[in-house]
Structure formats: structure tokens, C-alpha cells
1. Please report, in debye to the nearest 20, how large the charge dipole of the chain is about its Cα centre when each Lys and Arg carries +1 at its beta carbon and each Asp and Glu carries -1 there.
2. Amide H neighbours of MET185 under 5 Å, counting only residues 5+ apart in sequence or on other chains, H built in-plane at 1.01 Å?
3. If you average over every viewing direction, what projected area does the convex hull of the Cα atoms of segment 475-592 give, in nm²?
4. Using only helices, what value at 222 nm comes out for the chain when you add -39,500 (n - 2.57) per DSSP H run of length 4 or more and divide by the total residues, to the nearest 500 deg cm²/dmol?
5. Accessible area of SER580, 1.4 Å probe, to the nearest 10 Å²?
6. Mind listing the Cα extents of segment 433-512 along all three principal axes, in Å, largest one first?
7. Quick check on packing: order 299-311, 333-345 by the mean number of other C-beta atoms within 10 Å, highest mean leading.
8. Given Cα positions, please report Rg to Rh for segment 383-440, the hydrodynamic radius being the Kirkwood one.
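The values are calculated or read from the model by the stated rules, or taken from the named source; none is laboratory data. Everything numeric in this text was worked out from a predicted model, so none of it was measured. Reconstructed Cβ throughout: ideal geometry from the backbone, glycine too, with neighbour counts over all protein chains shown. Keep in mind that these areas ignore ligands, DNA and RNA; they rest on the heavy atoms of the full protein, side chains included. Shrake-Rupley method; radii C 1.70, N 1.55, O 1.52, S 1.80 Å.
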Amino acid sequence: MTFMCRRRALLLAPFFVLSTSFLRGQRGQAETNRAAKAVVLEMKDFTAKSRDHDTAFEQALASIGKMATEAKARGELTRAVLNLEKNTTYRIKRPIEVTQLDSLEINGHGAEIINTTLQSTLHIKACSHVTIRDLSVDYDPLPFTQGTIAALDPKALLITVKVDRGYPDDAKFLATIRDGIFGVMDRRTKSLKPGARSFLSPASVERLGDGLIKAHLQWSANDLGPGQLPVAVGDAVAICAGSAHAIVVEDSTATSFIGFNLRASPGMGILENAGHGGMILQRIVIAPGPRPAGATADRLISTNSDGTHFIAVEQGPSIEGCTFANTCDDAVNVHGFYFFVVEKIVPRSYLISPKWDVGLRTGDEVESCENGSFRSLGRTRLVQLKKKKAPELKGKIAQLWKGKSPTTVPDMVYEIELQNDLSLKTGDALTSLSRIGTGTTIRNCSFHACGRVMVKSPDSLIDNNQFSYAYAVAIHAGSDIGFWAESGFARNLTIRNNRFTHCITGSNNLFTDSNALGAIYVGMTPPAGANGFQKSFENRMVTIEGNKIDDSYIYAIFVTNADGVKIVGNIIGKTFIRGSAFAAGRLYGIAASSGIFIGMTRNAEIRNNTVAKGMVTKAPATIDRTCPQSTIMAHDNSLT
């Protein structure tokens, strides 16, 4: 599938970075000790004598690093501040890397960084308590294009697009669009057109002339799945491909973005990869920037992939008072990884295959996942890990990843030793519970025309947010052992006091093989070809309360594979607003008839929910026969 390749390419995108290393002292002390000496530099002192802004940033950061080194030699703690010039625009062509610094604040004072390449803008590595404040980032030229369909061939494989004035149409840029996104958009709502597939994908895009391009799609835009509407002349489209991510944070602690605006990105907006984590996002805006010079149409997208993405961090992000709009993939994704058992060596010792060479370290608490049932086989601790090349096992490793997004290290294995033996066999999986984004909080935020808020981390809270025109499910929780090998199951998750309108505009969730069927979805993604509810109850202690859900294109709330669920006091308006569920639910052998659905779930309480009656919705809640009925309490739910 094209979508699979696109996301893999995004994660593989290289970081072309300008290396400026800093001395790192004792983690956290510079931030917490009020006696720390402040090292303050003014960016204007460097721009005045530099030939370009890249050089100015390099010299400014090098000066801060030198002062920090000298202060440490004197036994002093330091806090470094780089003040940018108020409301100034900086144009860069080389990303900026900050490495091994304990405490740094870059105060933008309303400045904007314009990246003139398709590379990353900022790369923060092995740092602690770095703060980026009151700063905007944009790209010029933009990393996407957009326009209106002018013509299409009978098979809807060749789509001619009249490019909106001011948006890229040059051959060099178009040559970068491979395995990307061709999104059919609604200019009025600035979101995916209802009933469109999310997303089509071009194999290539060619320039026909000034402001005129032709997209060669990988499959027909009018090869219609259930609930999918055809494209037509006059439809608006956005076209992009993934490359480097705008902001990359690696192996760092407590990075903060406060009052930060990201207006475009060639790939993901903010990617945090490994390390302690604990990122703080306050009052950030990831949304389309202003019209380009000479343009007469607003931008249709912001990031070419996820707005934010957190991979295998110990502590999850705190996201407060932020705005997300028009991200081409998930607005937020927090997860760990599964590692699949290649073979057992001796008791407690195994060879396992990683998807990426990240996410598991000696000392981690790990949990097992049985192949097929996906139930836990127990927890223990990892006491030893050795990485080794194993080209002789490539065939066996490839078989483990068959039907999944493939491993990026097909000839590498981890040789591990567990504290206690588990009954693991080939094909079973392990995940680290120490590197899974524990404690993620998302509060008081707005999400418009984005993909999912996907939280697979334990002890997490999603509270008092607004969701509108999500092209997929708005909130998605639970394991994906089926394709992306992203862990884990929802544990102690609260989804409370959120508001939803017009969610799941895209048609993909209406297809026969869709497993995610609600504006709020808690469940699991099984392997390709699996049917019905898998006999697993690994989503535990889930509370969904006080939410208001209206004008959903599918169910309002859909929960599966759970133990200990409360669905209480939710107000649900119209569901299945297109008058049909199309093929949604066929994967599970069910027919839609309610606003709330639970399947393969035990110990659940469903009460005091109100649901509007509709053409499809004839009952407030459905409790599937796979649920142990004696453990389910459903009362005081009403159909209005």
C-alpha cells in the first residue's frame, strides 16, 4: 500500500544538519538551580557581521558553547539564552543542530525562521531543558503544492491540475513527489472533502506548463471503495511528499516549545525520538501559514505528515492550549515498538528482531504479547541486550514481518536475556514498558482537519479538547501489532470533556477491512487477513466520560479488546450522517445500529449516555455477543 511506504519514507528521512556541539553538565541542575549564571547573547551582534543567517546562527551558538565550557571549568552552573531580534525574519538553508547542552533558551521575540530547502530546521540531540519560545518556522518555497482539477482521464489515473497562483509548479520540486499524498480537499471547510479517500498517492507528478501539472496516481481515484465518492473536475487538491522533519528532538529531556508556530514542514512537524522525553508544548500552533506572495487562495495543508510524533520516549508529552490544523497524518502519535521473537536460545535468552534500532535498553521492564491472541504472557525485566548482525537469519526475520511495515534492519537481531523466563515462541513479541510515553496529557487543544490523536501510552489523559473535521477517527488508543508494530495497549486512559464535530470525513474507515470505527476508538489493529474480534482484553482501565460528539460519519464511541471500561455521561448527537455505515463493521461481522459499540470487552459500565436517533442509529448502545454479558452494566442510556 502506498500509505505504508509514505510513512516509512518519512521516518527514514535523513537529517542534514549543521553541527554545533555544546558542553553538557549535570542534567537538570542548570534549570532548577536559581544561582546558575545566565549567559545571554543577542543575535543582532552576529547578524551584523555575518555574511548570511546560517553563519550567524552557527557563530552565536558556538559562542554560547564556549562560554558554557569556560563556566564549567570554573565550577559554575550556566543557563544560556539566545535572544533573536524582535519580529525579524531569518532565512536559512542549513538546519541548526544543538547537541549536549543542559539549559538553553532560544527566545524568538516574534521572529520567524524561513527554511529555503526541504531539510530539517532544528535538530536537538542529547540535551536537557532546552526551551524554544515565541518563534515561528516556515518554508519558502513551500514543500507542497495545491490547485484545482482541470481534467482527468477515463480511468482517473492521470489528473491534470491547475496550480493555485503562488504555489510551486517547478520541475525540480515536482520530481521530489514520489509515493506521496494527493488529497481531495474542501476549500470551504479547509478539510478533506467528505467521502474522499484519505489519501490517494501519486507515483509521479510532471510539469505541463506554467501553473499546469499532471499527477500520475498509483491507483485510480475513481476505483471506489464503500462510501468513497468520485473525484471530479473542479475539486481542490493538495499534493505533497515526505522528506525531512521540521523539528527533530533525539535522546533529550524536558524540551519545551512555548508560543511556537510551525506553518509548514516537508515531513513531520515535531518528532521526538527516544530518550527520557517529557516534552512540554504550550500554546504552539501547527497550522497552515499565510498565503504565499501573489497567491489568491489559502494554504490547504500544514505538515506533510504527522503534526507531532513521539517514539519510544520514557515520559510522554504534556500538550496544553495548542492548535493543530491540516496535518496530513496524525496530529499526535505517542507509542513504543514491538520486537518479534526470532528464536529461543536457552531459557530466558532469545533472539528478537527490531523494527528500528531504538526503543529497548538493558534494565527496561518488558511485557510480552502472544502471536495470534495478542494476550500478555507476562512481564519481566531485561537484564542484558547485545546487538549483532545475523545475515543468515534474514529469511526468518523477513517472515516475521510479512504483512507488516517491514523492519529497517533486516539483518540485525538483539540477543537478550530476561530476568524471568516467559513462554515465548517464534512470532511472539516484546515491548518495553519503560519507553512508551507514560503520562501523556493533551488538554485544552484544538484539532481541525487532522488525522488522529493517537495515544498508545499508559496513564494518559485527553481532556477538554475540540475536534473538527478529522479525516480519520479523532482519538485512537490501543496497540497496532498488526502493521506498524507500534505498542502498546491503552492502560489507565481517560478521555474526558472533549467536543467533536464532523469527524471521520474520509472514506477509508468505511471500508470492509477497517477496524477503527468511532470518533473515539479504543481497540487494537490486528494483522492483515484477520477477521472478527481477537480474543484479547489488554486495553484496561479506560474511562470515556462527559464528551459531546455530533455529526459523526460513523459510530461516536467504539471500544474493543478491553477490561475495565467506563462510558459515562456522554452526549451524542447525529451519527452515520451520510445515512449509511457502508461496509464499516464487516471486519467484525457486525451491522451498525447504535451510537456506542463495545466488543470483546468485559467489566464495563455504560450509563447516562444520550444518543440521537438516526437513519442508522436505532439504539444508544450495542453490546456485542463477544462480551461476557454478566460483566457488563448498561443502564440509564437514552435515545433522543
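1. 460 debye
2. Here LYS193, ALA236, VAL237, ALA238 satisfy the definition.
3. Numbers: hull surface 26.6 nm².
Average of the hull's projected areas for segment 475-592 equals 6.7 nm².
4. So the helix-based figure for the chain works out to -2000 deg cm²/dmol.
5. SER580 exposes around 40 Å² with every protein chain in place.
6. Cα extents, longest axis first: 36, 32, 15 Å.
7. So the order, starting with the most tightly packed, is 299-311, 333-345.
8. That ratio equals 1.00.
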